[in-house]
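Accompanying notes for the structure given below.
The values are calculated or read from the model by the stated rules, or taken from the named source; none is laboratory data. These numbers come from a predicted model, not from an experiment. Note that each Cβ is placed from the backbone with ideal geometry, even for glycine, and that neighbours are counted across all protein chains shown. Ligands, DNA and RNA are stripped out before the accessible areas are found, and what is left, the full protein with its side chains, is counted by its heavy atoms. Shrake-Rupley method; radii C 1.70, N 1.55, O 1.52, S 1.80 Å.
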Amino acid sequence: QLQLVESGGGLVQSGGSLRLSCAASGFTLDYYAIAWFRQAPGKEREGVSCISSSGRSTNYADSVKGRFTISRDNAKNTVYLQMNSLKPEDTAIYYCAATITIVRSICVMTSTSYPYWGQGTQVTVSS
């Protein structure tokens, strides 16, 4: 049983912060790159951030650079997304996704590269 479960979403005012968690069960994340995607109503799913399986490389969408930070704790089998200075345009359902990787020093934010997905957690930022 391979499962990813997101948590930490909620309602926050503009400028506030949230920390999302992605907890894995049924497998270890040691050899998986992890990405966060988000989808707002009426819009396509977009990549937010990713972290390589080694934890040494990260990527961010231009819209969140300097505000969001992705990290991982393999001992806890969990990946985090720290979101600061939140804006109303950050409102979306946030999904965690995992893909096994041979090259442990890179990650990508293309959704088709990720076969394993969580159920999503809602983030709402009021203006």
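Screening Ala35 on (1) within 16 Å of Tyr116 (Cα to Cα); (2) in contact with a Gly (Cβ under 8 Å, 6 or more places away or on another chain); (3) loosely packed, with under 15 Cβ neighbours inside 10 Å shows it passes everything except condition (3). Taking the criterion of being in a strand (DSSP E or B) and either closer than 22 Å to Ser25 by Cβ or in contact with a helix residue (DSSP H, G or I) (Cβ under 6 Å, 6 or more places away or on another chain) (or both), the residues of the stretch 88-102 that qualify are Ile93, Tyr94, Tyr95, Cys96, Ala97, Ala98, Thr99, Ile100.
Restricting attention to the stretch 50-59, the residues being open to solvent by 10 Å² or more (accessible area, probe 1.4 Å) and either in a strand (DSSP E or B) or at pLDDT 95 or above (or both) number 3.
Looking across the stretch 1-42, the residues that are at pLDDT 95 or above and among the β-branched types (Val, Ile, Thr) come down to Val5, Val12, Ile34. When each of Ser105, Ser85 is tested for being at pLDDT below 95 and either outside any strand (DSSP E or B) or crowded, with 19+ Cβ neighbours inside 10 Å (or both), the lone residue that passes is Ser105.
Condition check ((1) open to solvent by 60 Å² or more (accessible area, probe 1.4 Å); (2) of a type in the set (Lys, Arg); (3) under 15 Å from the mean Cα position of the chain (by Cα)) across all residues:
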residue: Asp30; (1), (2), (3): no, no, no
residue: Glu44; (1), (2), (3): yes, no, no
residue: Val48; (1), (2), (3): no, no, yes
residue: Thr78; (1), (2), (3): no, no, yes
residue: Ala98; (1), (2), (3): no, no, yes
residue: Thr110; (1), (2), (3): yes, no, yes
residue: Gln122; (1), (2), (3): yes, no, yes
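One residue stands out in the stretch 60-76 among those that are of a type in the set (A, V, I, L, M) and assigned to a loop (DSSP other than H, G, I, E, B): the one that is surrounded by the most Cβ atoms within 10 Å (Cβ to Cβ), namely Val64.
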